[in-house]
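Input: a single structure, listed below in structure tokens.
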Amino acid sequence: MSVLVFVEGLNGEIKKSSLEAASYGSQVAQQLGTTATAVAIGEVHEEALAKLGEQGITKVLYDADDRLKQFVADAYVKVIAKAAQQESAKVLVFSNSNIGAAVGSKLAVRLNGSLATNVTTLPNTDGGSFIVTRGVFSGKAFADVNLTSDVKIIAVKKNSFEVSENGGATATVEKLSADLADADFAAAPKETVMQDTDGGILLPEAEIVVSGGRGLKGPENWHLVEDLAKALGAATACSKPVSDLDWRPHHEHVGQTGITVSPNLYIAIGISGAIQHLAGVNSSKVIVVINKDPEAPFFKAADYGIVGDAFDVVPKLIEAARALDK
Ligand SMILES: Cc1cc2nc3c(=O)[nH]c(=O)nc-3n(C[C@H](O)[C@H](O)[C@H](O)COP(=O)(O)OP(=O)(O)OC[C@H]3O[C@@H](n4cnc5c(N)ncnc54)[C@H](O)[C@@H]3O)c2cc1C
């Protein structure tokens with residue numbers, strides 16, 4: 001029996017959220033006195049797979065079928081189920097990403113397992129239980145759930161676990177083939193369009209996000225967001241009303257009805273911090289809020305806050321960020 005971690009790739013490298021899931025999975029394996037294996041699909045460099053040893057993974061199973069370069073839920077589920085069967089895995093770990101949540105739920109049905117998403121703690125296994133804590137109600141509350149079925153599936157909330165580094169350790173990489181048929185690709189997307197920001201950074205994967213709200217008064221002032229983002233190497237985002245008003249394109253809207261982001265740093269300028277906005281940003285590691293109203297709700301979720309007029313504060317931040325770059 002082992003723990004199986006599904007890792008996602010981007011541009012040949014393993015996504016940071018999957019490195020977190022791998023670190024989590026190997027800690028669970030240690031707790032259970034077993035080992036952690038990873039399964040990777042699609043286009044990932046073999047050196048990146050071997051480096052998963054640094055997160056405590058001992059073996060990586062890799063299906064390099066060309067048709068898996070783009071995400072197709074049924075085909076991914078079949079590959080992961082094959083890996084789980086081969087490894088007799090009883091605990092499956094994913095990142096709580098769009099892909100992780102989609103395959104996690106389908107696998108729960110296929111393997112007759114129980115699924116906990118948005119998980120923020122290692123399991124408590126006292127007395128034969130398997131209790132994990134998960135964020136609920138857009139991160140406003142937490143629930144402890146006991147996974148009682150034989151197969152347990154966990155989607156780990158982004159930025160909830162540090163990426164562990166076990167200096168220089170490597171994992172063995174083995175090919176895996178799930179004998180995929182054309183029928184497994186029946187629901188394949190015809191074309192996937194990745195909408196990046198002006199600086200070429202994909203918003204859901206960005207390490208730093210600079211985001212603007214209605215407090216910026218109009219699209220003519222967006223140079224403040226763009227210049228700060230450029231100075232920090234960040235992606236740009238906005239609140240829902242901003243995209244509804246056509247100040248910014250819809251693919252920049254973050255929140256409950258928009259994109260979910262989980263960067264290391266989220267800078268919110270002139271955004272009130274409504275619960276629907278927070279739902280899309282509350283797994284950011286550090287949140288900085290700039291708002292002229294000291295009572296703005298966003299300050300309650302902020303790690304750092306600047307009470308001030310964005311039109312005074314942001315130019316100073318841009319200057320300071322540019323000076324850092326020199
Ligand atoms: C079903 C539903 C789903 C929703 N989904 C989303 C979603 O996904 N994402 C989302 O963002 N919203 C969503 N909303 C809308 C959400 O409830 C808020 O209305 C919205 O987030 C507010 O946007 P805002 O903060 O930009 O604007 P406002 O609420 O107008 O806030 C502007 C802020 O700017 C500050 N400000 C004004 N001038 C300045 C200045 N010069 N300098 C600094 N600060 C200044 C003000 O103090 C204020 O706090 C949803 C609502 C519903 C009902």
Here is a check on your reading of the model: is Ala108 more than 30 Å from Ala274 (Cα to Cα) and not assigned by TED's automatic domain parsing to the domain that holds Gln256? yes
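Per-residue answers, yes or no, for (1) touching a Ser or Thr at 6+ places or on another chain (Cβ under 9 Å); (2) open to solvent by 30 Å² or more (accessible area, probe 1.4 Å); (3) among the aliphatic types (A, V, I, L, M); (4) more than 7 Å from the ligand (Cβ to nearest atom):
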site: Asn282; (1), (2), (3), (4): yes, yes, no, yes
site: Ile287; (1), (2), (3), (4): no, no, yes, yes
site: Asn291; (1), (2), (3), (4): yes, no, no, no
site: Phe299; (1), (2), (3), (4): no, yes, no, yes
site: Asp309; (1), (2), (3), (4): no, yes, no, no
site: Ile318; (1), (2), (3), (4): no, no, yes, yes
site: Ala323; (1), (2), (3), (4): no, yes, yes, yes
A careful count of residues in segment 111-127 that are of a type in the set (D, E, K, R) and closer than 24 Å to Phe137 by Cβ gives 0
What tally of residues in segment 260-270 results from selecting those that are buried (at least 20 other Cβ atoms within 10 Å of the Cβ) and assigned to a strand (DSSP E or B)? 4
Set Glu220, Glu295: member being part of a helix (DSSP H, G or I) and at pLDDT 95 or above: Glu220
Can you say whether Ala64 is in the same structural domain as Thr172 (by TED's automatic domain parsing) and at pLDDT 95 or above, as far as the supplied structure shows? no
Residues to consider are Gly215, Gly273; find the one that is near the ligand (Cβ under 9 Å from one of its atoms), in a loop (DSSP other than H, G, I, E, B) and not assigned by TED's automatic domain parsing to the domain that holds Phe142. Gly273
Candidates Asp227, Asp198, Asp246, filtered to the one that is in contact with a helix residue (DSSP H, G or I) (Cβ under 9 Å, 6 or more places away or on another chain), part of a loop (DSSP other than H, G, I, E, B) and modelled with pLDDT of 90 or more: Asp246
Which of the following residues is among the charged types (D, E, K, R), under 27 Å from Ala181 (Cβ atoms) and open to solvent by less than 60 Å² (accessible area, probe 1.4 Å): Lys78, Lys69? Lys78
Restricting attention to segment 237-252, which residues are open to solvent by 10 Å² or more (accessible area, probe 1.4 Å) and more than 6 Å from the ligand (Cβ to nearest atom)? Asp244, Leu245, Asp246, Trp247, Arg248, Pro249, His250, His251
Only one of (1) at pLDDT below 95; (2) touching a Leu at 6+ places or on another chain (Cβ under 7 Å); (3) open to solvent by less than 30 Å² (accessible area, probe 1.4 Å) fails for Ser97. Which number is that? (2)
Leu265: passes all of (1) aliphatic (A, V, I, L, M); (2) closer than 15 Å to Val225 by Cβ; (3) near the ligand (Cβ under 9 Å from one of its atoms) but (3)
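Okay, residues lined up against (1) of a type in the set (Phe, Trp, Tyr); (2) farther than 17 Å from Val39 by Cα; (3) within 21 Å of the chain's Cα centre (by Cα):
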{"residue": "Val91", "(1), (2), (3)": "no, no, yes"}
{"residue": "Gly104", "(1), (2), (3)": "no, no, yes"}
{"residue": "Val119", "(1), (2), (3)": "no, yes, yes"}
{"residue": "Arg134", "(1), (2), (3)": "no, yes, yes"}
{"residue": "Gly139", "(1), (2), (3)": "no, yes, yes"}
{"residue": "Thr148", "(1), (2), (3)": "no, yes, no"}
Residues of segment 24-39 being of a type in the set (Ser, Thr, Tyr) and surrounded by fewer than 24 Cβ atoms within 10 Å (Cβ to Cβ), which ones? Thr34, Thr35
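The values are calculated or read from the model by the stated rules, or taken from the named source; none is laboratory data. Remember, predicted model here, so these are calculated numbers, not experimental data. Note that each Cβ is placed from the backbone with ideal geometry, even for glycine, and that neighbours are counted across all protein chains shown. Ligands, DNA and RNA are stripped out before the accessible areas are found, and what is left, the full protein with its side chains, is counted by its heavy atoms. Shrake-Rupley method; radii C 1.70, N 1.55, O 1.52, S 1.80 Å.
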